[in-house]
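Please treat every number below as a calculation from the coordinates, not as lab data. Please read these numbers as outputs of a predicted model, since none were measured by experiment. Reconstructed Cβ throughout: ideal geometry from the backbone, glycine too, with neighbour counts over all protein chains shown.
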Amino acid sequence: MTTTQRPRVPIKPGYFTIPDDPQQPPKLLGTKCNDFSEHYFPRRAICARPECLSENTADVELGPRGTLYSYTFVHLPLFGSSNMEHAEGYGVGQVDLPEGPRVQLPLAGKQGEFKIGQTLEAELNTLREDGASDIVIVRFRPLEG
Amino acid sequence: MKDVAVLGVGMYRFGMYYDISNAEMARQAGMAALRDAGLSFRDVQAAYVGHIFAPVMAGVRVMKEFGLTGIPVQHVENASATGSAAFREACLQVANGTYDIVMVLGFDKMTTMIQQSTQGTSPENMEDAILPAAFFALWATRRMHERGMKVEHLAKISAKNWNNGALNPMSQRQSAEPTSVERVLKSRPVAWPLTTMMSCPMGDGAACAIVGRADLAKKLHPERPLVRVTASDLQSEKYSRGHLFMGPVVGPAQMTIDTSANVYNEAGVGPEDLDLVQVHDAFAIEELEYYELLGLCKRGEGEACVERGDFELGGRVAVSTDGGLIARGHPGGPTGLAQIWETTLQLRGEAGKRQVKDARIGLCHMMGGGSVCVIHILQKG
């Protein structure tokens with residue numbers, strides 16, 4: 001079965017991938033320090049560790065899975081969204097990626113579906129339409145169980 | 001820090017003033033501080049001005065309200081810690097011997113920002129979803145998980161600050177009735193578990209401190225207790241694994257621990273010596289965390305202290321005596337100077353109904369988004 005997929009445009013380039021296959025989760029665009037094996041999100045040119053500060057860094061893709069460190073549910077519409085899903089509010093979480101970074105992004109789902117320690121997966125979420133394209137953000141969704 | 005004193009303080013009460021300009025509020029706060037010091041603007045040798053929401057040049061323009069004397073005027077900005085950071089610069093210059101008398105002025109109008117934001121700016125940043133309330137709510141959820149904190153602890157801290165604010169004529173939030181834990185819990189949710197009454201309001205306002213040589217303070221007001229600034233420190237974030245780079249409002253807990261260790265060391269006092277403390281309680285969960293990070297109690301004992309009322313007026317060490325950011329308000333630029341205003345009055349014994357008995361040592365703590373931590377210690381005598 002084929003579905004017509006509208007082109008998806010990131011709200012800001014340089015933070016996450018947009019897979020050609022809509023079934024595939026996006027990955028976060030990060031940096032690895034080649035001297036200290038420290039990983040960062042978002043991308044940066046210089047390793048932040050005070051004892052390192054190396055410029056020997058490389059672009060890497062992070063995720064798409066992580067562990068929920070903390071969460072909240074914001075009782076306000078998501079700023080800049082015309083998606084009805086965001087009208088009543090939205091979840092926000094801190095997610096620990098297996099490579100090391102802790103990231104802070106919106107969550108898919110309701111308050112009662114979030115649990116510290118659960119595994120989540122990144123997904124793209126439409127914020128609004130722009131002509132024939134969808135403007136998307138990246139967020140994390142709790143996996144079953 | 002040697003021989004630096006607060007010579008005078010003044011405030012324009014924080015509130016929502018759609019028809020009053022920054023220049024008007026700042027002039028009134030500044031003139032009140034000069035009168036309090038017993039000085040004329042002719043005596044002021046330099047000025048540090050802080051604002052967050054006003055346009056470029058606003059500080060140097062507002063300073064013209066006092067007269068055009070040609071003194072150096074320097075803008076200082078450090079988000080919520082703007083007023084505290086400006087105060088620090090003035091103290092350092094007096095301690096270094098560069099100037100004898102310096103004005104520190106903070107002002108801001110969040111009402112202007114509210115009017116502008118309704119004109120529809122489009123979000124283009126990944127961080128736009130992470131509101132300050134959401135960021136600090138994440139602290140609260142994690143603390144519930146790790147330490148068994150209950151939402152009632154946050155409500156009790158908030159009720160304390162609302163009730164302290166009711167005793168402060170300069171407080172933005174003035175509740176005629178005593179504020180109960182139940183009333184706070186019933187207020188509108190913002191970001192679970194935080195509610196409106198556990199969060200600081202938006203507002204406008206101005207505050208001013210005149211900083212100068214300690215011997216001048218004695219000459220100007222021989223009858224009045226001397227209020228010395230005995231320690232000042234400012235730190236930015238230090239990296240450790242799990243550091244949040246995107247969306248965070250303020251950095252790791254270690255920043256407050258390290259900054260407070262430095263000021264305790266500089267002043268030669270410990271947290272057990274403090275009589276009163278002001279913190280960056282933009283949200284109630286912050287105040288609970290800072291009890292522990294500033295060493296007012298051991299890690300993990302914050303909830304028990306709240307239940308006992310350790311940090312209420314009349315408790316072991318009074319925290320947010322003027323109502324804190326939650327009640328007194330948090331316009332931005334002047335907030336850190338409101339803490340200096342309150343601590344100065346308390347150390348002089350002029351704090352009225354909220355006076356802390358025999359107050360001798362006070363600490364003022366602010367966080368600025370980005371982020372930085374600024375702490376000062378003020379001592380009587």
Expressed in nm to one decimal, what extension gain is obtained for the pair A:GLN111 and A:ALA132 from 0.36 nm per residue of sequence separation less their Cα-Cα distance?
-> 4.3 nm
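Which entries in B:LYS219/B:LYS298; B:LYS109/B:LYS357; B:LYS64/B:LYS238; B:LYS218/B:LYS353 show an alpha-carbon gap greater than 31 Å?
Over 31 Å Cα-Cα: B:LYS219/B:LYS298; B:LYS109/B:LYS357; B:LYS64/B:LYS238.
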Treating the angle as unsigned and between 0 and 90°, give the value, to the nearest 10°, between the Cα long axis of helix B:82-96 and the longest Cα principal axis of chain B.
-> 40
How high is the FRET efficiency from A:ASP21 to B:ARG308, r the C-beta distance, R0 41 Å, rounded to 0.05?
-> 0.10
Once you put a point 7 Å from the Cα of A:LYS12 and another 7 Å from the Cα of A:GLU88, both along the Cβ direction, what distance in nm separates them?
-> 3.0
Cα centroid of region B:245-263 to Cα centroid of region B:344-361, whole Å = 29
Under unit Cβ charges (Lys, Arg +1; Asp, Glu -1), what dipole magnitude, rounded to 20 debye, does the protein assembly as shown have relative to its Cα centre?
-> 1040
Find the Cα radius of gyration of region A:1-107, compare it with 2.2 N^0.38 Å by division, and give the number to two decimals.
-> 1.27
Which percentage, to the nearest 5, of the DSSP beta bridges contained in chain B is antiparallel?
-> 70
Obtain the nm distance between the two label points defined at A:ALA58 and B:ASN125 by a simple spin-label model: each point lies 7 Å from its Cα along the Cα-to-C-beta direction.
-> 3.2
Average beta carbon contacts from partner chains per residue of B:137-149, 10 Å cutoff = 4
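Take each of the peptides B:29-40, A:109-120, B:191-202, average the number of other beta-carbon atoms within 10 Å over its residues, and list them starting from the highest.
Descending mean neighbour count gives B:191-202, B:29-40, A:109-120.
Take peptide A:110-120, look around each residue's Cβ out to 10 angstrom, count Cβ atoms belonging to other protein chains, and average those counts. Before the final figure, lay out the partial values.
Working: counts 0, 2, 0, 0, 2, 1, 5, 1, 0, 0, 0.
Mean partner-chain Cβ count within 10 Å for A:110-120: 1.
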Cα gyration tensor of the protein assembly as shown diagonalised, 5x eigenvalues square-rooted, in angstrom largest first, produces semi-axes 42, 25, 23
Report Rg (one decimal) and Dmax (nearest whole number) for region B:100-212, counting Cα atoms only, units Å.
-> 17.7, 51
Antiparallel bridges, percent of DSSP beta bridges restricted to region A:64-145 (to nearest 5) | 95
Provide B:GLU89, B:GLU307, B:GLU177, A:GLU144 in ascending order of the number of other Cβ atoms located within 10 Å of each residue's Cβ, fewest first.
-> A:GLU144, B:GLU177, B:GLU307, B:GLU89
Return the single residue from B:LYS109, B:LYS218, B:LYS156 with maximal mean-square fluctuation; model: Gaussian network over chain B, springs between Cα atoms under 10 Å.
-> B:LYS218
One point scatterer per Cα, no solvent, Debye formula: log10 I(q)/I(0) for region B:168-263 at q = 0.14 Å⁻¹ comes out as -1.01
For region A:64-145 the mean separation of alpha carbon contacts under 8 Å (6+ apart) over residue count, i.e. relative contact order in percent, is 31
Report, as an integer, the average count of C-beta atoms from other chains found within 10 Å of each Cβ along B:233-243.
-> 3
Placing each pseudo-label 7 Å from Cα in the direction of the beta carbon, B:THR196 and A:THR67 end up separated by a distance in nanometres of 3.9
Given R₀ = 51 Å, FRET efficiency for B:VAL56-B:GLU177 by Cβ-Cβ distance, to 0.05?
-> 0.70
In percent, what relative contact order does region B:303-361 have, based on Cα pairs under 8 Å that are 6 or more apart in sequence?
-> 24
In degrees rounded to 10, the 0-90 angle between helix B:284-293 Cα long axis and the longest Cα principal axis of chain B is 80
Name the shape class, rounded, prolate or oblate, that the alpha-carbon gyration tensor gives for region B:231-296, where a ≥ b ≥ c are the square roots of its eigenvalues, rounded holds for a/c under 1.5, and otherwise prolate holds if a/b is larger than b/c and oblate otherwise.
-> oblate
Taking the Cβ of B:TYR17 as the centre, find all other residues whose Cβ is under 10 Å away and add up their charges (Lys, Arg: +1; Asp, Glu: -1).
-> -1
How far is helix B:22-37 tilted, in degrees, relative to the longest principal axis of the Cα atoms in chain B, given as a value from 0 to 90 rounded to the nearest 10?
-> 60
State the antiparallel share, in %, of DSSP beta bridges confined to the protein assembly as shown, rounding to the nearest 5.
-> 80
May I ask you to sort B:CYS208, A:CYS52, B:CYS91 by Cβ crowding, counting other Cβ atoms within 10 Å and putting the fewest first?
-> A:CYS52, B:CYS91, B:CYS208
Among residues other than B:LYS2 whose Cβ falls under 13 Å from its Cβ, what is the net charge (Lys/Arg +1, Asp/Glu -1)?
-> -1
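Sort A:ILE18, B:ILE157, B:ILE52 so the one with the fewest other Cβ atoms within 10 Å of its own Cβ comes first.
A:ILE18, B:ILE52, B:ILE157
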In this structure, the FRET efficiency calculated for A:GLU144 and B:GLU223 from their beta-carbon separation, with R0 = 56 Å, to the nearest 0.05, is 0.15
Give me the Kirkwood hydrodynamic radius of chain B in Å, from all C-alpha pairs, to one decimal place?
-> 20.5
Estimated [θ] at 222 nm from DSSP helical runs (n ≥ 4, -39500 (n - 2.57)) normalised by residues in chain B, nearest 500 | -11000 deg cm²/dmol
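What net charge do the residues around B:LEU68 carry, taking every other residue with its C-beta under 14 Å from that of B:LEU68, with Lys and Arg at +1 and Asp and Glu at -1?
Net local charge, B:LEU68 excluded: +3.
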Stokes-Einstein at 20 °C, 1.002 mPa s, Kirkwood radius from Cα pairs: D for region B:152-202 in µm² s⁻¹?
-> 195
